[in-house]
Every structure is written in structure tokens, then in C-alpha cells.
1. May I ask you to list the residues in the range 228-286 that are aliphatic (A, V, I, L, M) and within 30 Å of Glu60 (Cα to Cα)?
2. Is one or more of the residues making up the range 32-39 over 27 Å from Ser281 (Cβ atoms), modelled with pLDDT of 70 or more and in a helix (DSSP H, G or I)?
3. Can you pull out every residue in the range 188-221 that is crowded, with 20+ Cβ neighbours inside 10 Å and out of contact with any helix residue (DSSP H, G or I) (no Cβ under 9 Å at 6 or more places or on another chain)?
4. Does the range 222-229 contain any residue that is in a loop (DSSP other than H, G, I, E, B), under 28 Å from the mean Cα position of the chain (by Cα) and buried (at least 16 other Cβ atoms within 10 Å of the Cβ)?
5. Restricting attention to the range 244-256, which residues are surrounded by fewer than 16 Cβ atoms within 10 Å (Cβ to Cβ) and without any contact (Cβ under 8 Å) to a residue 24 or more places away in the chain?
6. Within the range 196-208, identify whether any single residue is polar (S, T, N, Q), assigned to a helix (DSSP H, G or I) and over 19 Å from the mean Cα position of the chain (by Cα), and answer yes or no.
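The values are calculated or read from the model by the stated rules, or taken from the named source; none is laboratory data. Just so we're clear, the structure is a prediction, and the values are computed from it rather than from any experiment. Don't worry about glycine lacking a Cβ; one is built from the backbone with ideal geometry, like all the others, and counts go over all protein chains shown.
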Amino acid sequence: MNRVQRTISRMFAVGVTIGMLMVVMHVTVFADDTPAPTLPPPAVLPIPNDEAAEGTVVLERKRAKLQELQSQMQQLRQRVEAMKVRTPESPRPTVPELPAAPLSPPVERPTPQPKLTPPVPMPLEQYLDQPPPNETPPEAVETFPLQDAVNTTLSSDAVLPTDVLNDSSINGEIDRISLASSLFATGQHAECMQVLQQLNAESLSPDDIIWRRYLTACCHRGMGEYKEAARLYREIVGRPDSDWTRELAKWWLDHLRERNDLTARSQQLQTGMNQLTETASEDFKQ
């Protein structure tokens, strides 16, 4: 009986040991199947949305447009500076030389000769009583003090005119066409206009009338009155008898038109640049 109990006790102990071993083996296998802890994945950076990308593209386009306008503005300024020193291809007209009036030889007038009268014979006694012809009698000589002589000399010098040109005069007719051409050549446009206005159109030849109108147009252009200058140039181009002045007037008329176009284009580009600059500044602030 005791043996049976001991056997049962041993079997029970062996069963308990086997059960504990199985539990340990099961725990070990479960631990192997469990994954080891790892670090969290890196945070993903936020991707810009479509609106931000579109805004960047718009800014780049505006910056490129601004640079293009600045380049065009610089080119226009260079063209304007070049036009200021530009001259027409054909030479400037010279003042037409007027034929000189033929000079007639001076008329020689006979110089009147003094009439010589023969001396009248005089008696010797009367001749001796008369004084020599260049001698004045002592009683006729007047004495003056030294101070009076000095005052007389000073007063005679003081009455001389200070400006002898005030009473001067010019004899002969003035060639106002040549005078106006010389004034224009020296850059005195206002004085040239005054001389041209003093000309009498009825006394001028057709060539002088056209030349007068051309000089007037050039004076208006030199004083900055481009509209009036263009109007006079058009009148010269429309005249059938303008001859060589027509080509000069046509050249200056084209020059003024090109200048007006460049000025308008420059103002347009300047306005566009100002608008783009303001828009770009506002976008950069945002």
C-alpha cells in the first residue's frame, strides 16, 4: 500500500514537473513570436498645396516680365539719346548766294580851283606902315590866367559824347534772309524768329518764301514746339515748288513722328513698370 502511494506521489511529481516544463517552453515560443519594439518612422514633411505652387509661378512670371520691360525701357532710352545727335543723310542747305549788284565806276567831279587874283601894287610908304600878316598887335593879345586855361581844357574834354555808337547809322539794305540763317546756325532761335517776322513776304522770291518757312519750322523745333514745327514741315512737303527743301522737311517730319512714337512707347512702358513694381511689392509683403 505504501509502495502504491509512493508510486502515485512520484508520478504526480513527474507530471507537475512535465507541466511546468511545457509552460516554460510555451512562454519561450510566445516570446520569440512577439516582434521587438522599433523607433517610430520619421515625420513626413507637409507637401505644399497647389495654391502655394501656383503663387510661386505667378511671382516668377511677374519678375521675368518686369526684367523684360526694364530691358525694353533701356533700349528706348538709348534710341532716344541716339536720335538727339542724329543728323539727316543729306547735307544741310546753305544760304543761297544772291548775285552782287554791278558796281558802277565813281563819277569823277572836277575839283573847283580857287581863282587867283593878281596882287594890287601898293605904295612903299603904305606897305611899311602895316604890320606883318602873321603878327598881331600887342594891344590885341588877351592874357588868361593858368587856372582858366586848365578849366577850359577840362571842360572841352568833358563835353565829348561817351558813346559815339548812339548816333551811328547803317547805310544800305540789310539782307535779313542771310541774317536769319546766321542766327539759326548759331542756335539763337528766338532772334532768328524775330528777323523772319520782319520780312515782307511781297518782296521775297518764291525760293526765299520757302526758305523762310523752313527756317521758321526749324526754329519751332529748336525751341521744343514740335506740333507747330510738324505743321510747317507738312506745308513744305505739300508744296509742289519746294524742290530740295521738300526732302529735308520730309526727313524732319519722319524724325518727329518717330520721336513721338518712342515717347508714347516709353510712357506706356513706364506705366507698366510702375504697376508691376507695386504688384510685386504687395506680393512680397504677403
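1. At the first step, the residues of the range 228-286 found to be aliphatic (A, V, I, L, M) are 229-230, 232, 236-237, 248-249, 253, 256, 262, 264, 269, 273, 276, 280.
Hits for the range 228-286 are Leu262, Ala264, Leu269, Met273, Leu276, Ala280.
2. Restricting attention to the range 32-39, the residues satisfying the condition of being over 27 Å from Ser281 (Cβ atoms) are 32-39.
Subset that is modelled with pLDDT of 70 or more: none.
No: zero hits.
3. none
4. Step one: filter the range 222-229 for residues in a loop (DSSP other than H, G, I, E, B), giving 223-225.
Within this subset, residues satisfying the condition of being under 28 Å from the mean Cα position of the chain (by Cα) are 223-225.
Filter once more, so that each one left must be buried (at least 16 other Cβ atoms within 10 Å of the Cβ): none.
Scanning the range 222-229 turns up no residue that is in a loop (DSSP other than H, G, I, E, B), under 28 Å from the mean Cα position of the chain (by Cα) and buried (at least 16 other Cβ atoms within 10 Å of the Cβ).
5. Selection gives Asp254 alone.
6. As a first pass, look at the range 196-208 and keep what is polar (S, T, N, Q): 197-198, 200, 203, 205.
Imposing the further condition that a residue be assigned to a helix (DSSP H, G or I) reduces the set to 197, 203.
With over 19 Å from the mean Cα position of the chain (by Cα) added as a condition, the list becomes 197, 203.
Yes: the range 196-208 contains one or more residues that are polar (S, T, N, Q), assigned to a helix (DSSP H, G or I) and over 19 Å from the mean Cα position of the chain (by Cα).
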